[in-house]
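No value in this document is a laboratory result; all are computed from the given coordinates. As the structure is a prediction and not an experimental result, all values here were calculated from the model. Here Cβ is always computed from backbone atoms with ideal geometry, including for glycine, and neighbour counts include all displayed protein chains.
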Amino acid sequence: MSPILGIIASANQGQFISTTSYESIATTTVGAGGASSVEFTSIPSTYTHLQIRAISRVTGATANENLTLQFNSDTGGNYNSHYLYGTGSAAVGGAEIGSQTTAIVGRSSGANLASGIFGVSVIDILDYANTNKFTANRSLCGVDQNGSGIILFESSLWRNTAAVTSIKLLPESNFAQYSSFALYGIKG
Amino acid sequence: MPATYEPIATTTLTSPAASISFSSIPQTYTDLFMVANLRSSDPRSGGQSVNLRLNGDSGTNYSKTGVYGSSTSVGSFRQTNAGVIELSCTMNGTAAGVFAQNRVNIMNYSNANVFKTVLYRVDTEIYASGEIALYRSTSAITSITLTEPSSLNWVTGCSVTLYGIKAA
C-alpha cells in the first residue's frame, strides 16, 4: 500500500486506487548514437485506444520540427493532418491535405536550443483496432525555449480501416539522445 | 511497484485555503498528470491566473507559450523569464458552481537529463487554451504549489488530484 505523501491542505482524501485500464505497452529511449526513427511493433489489439507520451529532440540545426508517424509500414499517400498553433505572437491554423505520406502528430526541439530543452507530445490514437473506420489521432504538443516557442493542437487521419499493429515515429532529421517514447493502451 | 496510472494524492477544500501543495512526490513514475479545478475568493467575475511553482523555486526560471480561443477572439501569448507558470482559475463573482479546469502534464519529471516541460490545457467558462511551459531546471520535481496571485484564497470546493504515470 503506497503511503499518502506530503499533502498540505485543509482536507484531503488520498484514496489509493489501482487501475489496470491504462497500461504501459512499451517504451523506447534513444541512445548516444541517435536514431532515424522509433517503431512500436506487434501492438496487441486488446485495447480500445492508444496513447503515446513523448519527449523528443532532434540533431538537425533547427529550433523545432515536426514529429510524424506512419502506421503498419504504410508509406503511401494515405495521411492528412490539420493543426492550430500559437507562436506567442500569432495563432495560425493550417493543414496538410491531399496525399501525405506521414501524419503530423507532435513536435521536437532542435539542436539550436539549449541541451536540456525537449519537445513534448501527448498523442491519442483513438479506436485503433476498429476495422469499421479510418484511424484518427489527436495531439497536444510543443516546444518552449524562454523567449520563443510553439504550442500545437494537431489532428490527423490515416485513410485505412485496418487495425493498427505498428507505429513508426519519424523526425525530419534524426532523434537525439534521451528522446523517449512511451506507448500506452487504454481499455474501453 | 506502482500501477501504470494511479492517483498519488487528492486535495478537496472544505474551507478556504491560501495554497494547495503536494510535497515529497515519489520519484517512481515517468510523468505526472494533475487535474486542478480552481476558483479564487477574488470577488470579481471572470478568469484569473494561478501561480504554479515547482520545487518551491521562486526564481525567474519559468516561461511559456500558449494559444487560446474565446467567443470573441483567438490568439497566442508568451511569458519569458517568469517567476511562476500561470494556470487559470475562476473568480468568485462568477456564477456559483463554475470552476476553471486545468489538465497539466509534467513530462519526465524526474529525468535529470532534461529541463522540465509542462504541457497543459485550460478550460474556463470564457475561453479554452493549450499551453506549454518550460522550467529551466534538470532537478527532479518533488513538490508542486498552487497559489492565488493576489494572495487571496482558494474557495471551498476547489479540488486538485495528482496522478503518476509509469512507462514500461
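Both numbers refer to the Cα atoms of chain A; Rg and Dmax are 17.9, 57 Å. Between A:THR41 and A:SER115, the contour length at 0.36 nm per residue exceeds the Cα-Cα span by 23.6 nm. Longest exposed-loop-site-free stretch of chain A, with chymotrypsin sites (Phe, Trp or Tyr not before Pro), DSSP loop and at most 15 other Cβ within 10 Å? The longest uninterrupted stretch comes out as A:17-133.
With Cβ to Cβ distances under 9 Å as the rule, what net charge do the other residues near B:GLY93 carry (K, R +1; D, E -1)? Around B:GLY93, the surrounding residues sum to 0.
Each of B:LEU146, B:TYR135, B:VAL50 was scored by the projection of its Cα onto the charge dipole of the range B:1-154, and the greatest displacement toward the positive side belongs to B:TYR135; charges sit on the C-beta of Lys, Arg, Asp and Glu. Annotation: Cα Rg of the range A:41-91 relative to the compact-globule expectation 2.2 N^0.38 Å equals 1.56. For the range B:148-162, backbone phi angles converted through the Karplus equation (6.51, -1.76, 1.60; θ = phi - 60°) give residue-by-residue couplings of 7, x, 9, 6, 8, 10, 7, 7, 3, x, 4, 9, 9, 10, 10 Hz, Gly and Pro being listed as x. Mind running the shape call on the range A:46-141? Use the C-alpha gyration tensor, a ≥ b ≥ c as the square roots of the eigenvalues: rounded below 1.5 for a/c, prolate if a/b tops b/c, oblate otherwise. Prolate is the answer for the range A:46-141, as a/c is 1.5 or above and a/b outweighs b/c.
Each principal axis of the Cα cloud of the protein assembly as shown was evaluated for its coordinate range; sorted largest first, these ranges are 57, 47, 41 Å.
Charge tally for A:SER139 (other residues, Cβ to Cβ under 13 Å; Lys, Arg +1; Asp, Glu -1): +2. Rg and Dmax over the alpha-carbon atoms of chain B stand at 15.5, 48 Å. Of all the options A:ASN146, A:ASN132, A:ASN72, the one that moves most in a Gaussian network model of chain A with Cα springs shorter than 10 angstrom is A:ASN146.
Paramagnetic label reach from B:SER150 (point 7 Å along Cα→Cβ; backbone nitrogen cut-off under 15 Å): within the range B:26-61, residues B:39-51. Once you order the gyration tensor axes a ≥ b ≥ c over the Cα atoms, which shape class does the range A:101-188 get: rounded for a/c under 1.5, otherwise prolate or oblate by comparing a/b with b/c? Since a/c reaches 1.5 and a/b is larger than b/c, the shape of the range A:101-188 is classed as prolate. A straight Cα-to-Cα reach below 23 Å connects A:LYS187 with the lysines A:LYS133, A:LYS168, B:LYS166, residues fewer than 8 places away in its own chain not being considered.
Magnitude of the charge dipole for the protein assembly as shown, about its Cα centre and with charges confined to Cβ atoms of Lys, Arg (+1) and Asp, Glu (-1), is about 140 debye. What's the local net charge at A:ILE186, with K and R +1, D and E -1, over the other residues with C-beta under 10 Å away? Residues close to A:ILE186 contribute a combined charge of -1.
For chain A, with a Gaussian network of springs between Cα atoms less than 10 Å apart, report the residue from A:SER36, A:SER21, A:SER173 with the top mean-square fluctuation. Answer for the Gaussian network model of chain A: A:SER21.
What the Cβ-Cβ distance of A:ALA61 and B:ALA168 gives, at R0 = 35 Å and to the nearest 0.05, is a FRET efficiency of 0.60.
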